[in-house]
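Below is one structure; the comments refer to it alone.
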Amino acid sequence: DGGITQSPKYLFRKEGQNVTLSCEQNLNHDAMYWYRQDPGQGLRLIYYSQIVNDFQKGDIAEGYSVSREKKESFPLTVTSAQKNPTAFYLCASSMAGVSTDTQYFGPGTRLTVL
Amino acid sequence: RKEVEQDPGPFNVPEGATVAFNCTYSNSASQSFFWYRQDCRKEPKLLMSVYSSGNEDGRFTAQLNRASQYISLLIRDSKLSDSATYLCVVNISPNTGNQFYFGTGTSLTVIP
């Protein structure tokens, strides 16, 4: 089946630790995105990538880092510099350069900092 | 000013009712528009795209008004299973690639 996978589904981290969230897609999409969602709030863009080996900061990139070494993969690292990392993290992908295309989301990773 | 604004609700309606949600967007260069549905603690899923001519999918009708910069979603004959949060999404497509902006969502509860 074509789609986007994220792992793990639930993640617990101690304060001061870095943690990496996985996102893989087999939709052959060029563009990939990371969002954060807090309870009762909308999605906020962390980072996005339109092509391999290139990515741009979104609205709330501080305390996060990404890499895009392969088209299929866009991992997100939540660093110890992120002040309030407990949230629901969603990865998405879309075709680049096609304005009518929409985004497809993975099932999300729920991160809790203890 | 937010790129996309929605009434957060909540909307509590009886089964069989018709309910409408509106969403406004601020960037006149916006190129494509969507409604997503998000169930509690799940990822958003595409409900329907929104076209200038309006489009219908079963009990759901979406409309776009470019002059007034708003989009709407109408749900007829509401079912219990329609209970969810509905997100309005706008794609602005700048030169650097697609940029998707999400509203905060409108919560719908359909009551038996």
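The values are calculated or read from the model by the stated rules, or taken from the named source; none is laboratory data. Remember, predicted model here, so these are calculated numbers, not experimental data. Note: ideal-geometry Cβ built from the backbone for every residue, glycine included; neighbour counts use all protein chains shown.
The set of residues from the stretch B:19-58 being more than 26 Å from residue A:33 (Cα to Cα) and among the aromatic types (Phe, Trp, Tyr) comprises just one member, B:21.
For the stretch B:86-109, a residue qualifies if it is at pLDDT 90 or above and facing chain A (nearest Cβ under 7 Å), and the qualifying residues are B:102, B:103, B:104, B:105. Among the residues of the stretch B:67-112, just one is acidic (Asp, Glu) and more than 14 Å from the chain's Cα centre (by Cα), namely B:77.
Yes/no per residue for (1) assigned to a loop (DSSP other than H, G, I, E, B); (2) farther than 16 Å from residue B:3 by Cβ; (3) touching a strand residue (DSSP E or B) at 6+ places or on another chain (Cβ under 7 Å); (4) not acidic (Asp, Glu):
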| residue | (1), (2), (3), (4) |
| --- | --- |
| B:24 | no, no, yes, yes |
| B:30 | yes, no, yes, yes |
| B:37 | no, yes, yes, yes |
| B:42 | yes, yes, no, yes |
| B:49 | no, yes, yes, yes |
| B:53 | yes, yes, no, yes |
| B:61 | no, yes, yes, yes |
| B:73 | no, yes, yes, yes |
| B:78 | yes, yes, yes, yes |
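Within the option set A:55, A:74, A:105, being buried (at least 19 other Cβ atoms within 10 Å of the Cβ) and over 26 Å from residue B:41 (Cβ atoms) holds for one residue only, A:55. Quick check, is residue A:57 within 28 Å of residue B:4 (Cβ to Cβ), of a type in the set (Lys, Arg), more than 11 Å from the chain's Cα centre (by Cα) and away from chain B (no Cβ under 13 Å)? Against the criterion (within 28 Å of residue B:4 (Cβ to Cβ), of a type in the set (Lys, Arg), more than 11 Å from the chain's Cα centre (by Cα) and away from chain B (no Cβ under 13 Å)), residue A:57 does not qualify. For the stretch A:98-114, taking the residues that are in contact (Cβ under 8 Å) with a residue 12 or more places away in the chain and more than 7 Å from chain B (Cβ to nearest Cβ), the one that is nearest to the chain's Cα centre (by Cα) is identified as A:109.
Residue-level check: of (1) modelled with pLDDT of 95 or more; (2) more than 25 Å from residue B:49 (Cβ to Cβ); (3) crowded, with 20+ Cβ neighbours inside 10 Å, residue A:22 misses just (3). For the stretch B:1-12, give me the residue count where each residue is away from every other protein chain (no Cβ under 11 Å) and either buried (at least 17 other Cβ atoms within 10 Å of the Cβ) or out of contact with any Ser or Thr (no Cβ under 9 Å at 6 or more places or on another chain) (or both). The qualifying residues number 1.
So, residue B:59, is that one more than 9 Å from chain A (Cβ to nearest Cβ), among the basic types (Lys, Arg) and either at positive phi or crowded, with 19+ Cβ neighbours inside 10 Å (or both) or not? In short, no. Does at least one position in the stretch B:19-31 carry a residue that is touching a Cys at 6+ places or on another chain (Cβ under 7 Å), surrounded by 15 or more Cβ atoms within 10 Å (Cβ to Cβ) and of a type in the set (Val, Ile, Thr)? No, that holds for no residue.
Residue by residue, here is whether (1) more than 11 Å from the chain's Cα centre (by Cα); (2) within 12 Å of chain B (Cβ to nearest Cβ); (3) closer than 21 Å to residue A:112 by Cα; (4) in a strand (DSSP E or B) holds:
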site	(1), (2), (3), (4)
A:29	yes, yes, no, no
A:32	no, yes, no, yes
A:36	no, yes, yes, yes
A:45	no, yes, yes, yes
A:68	yes, no, no, no
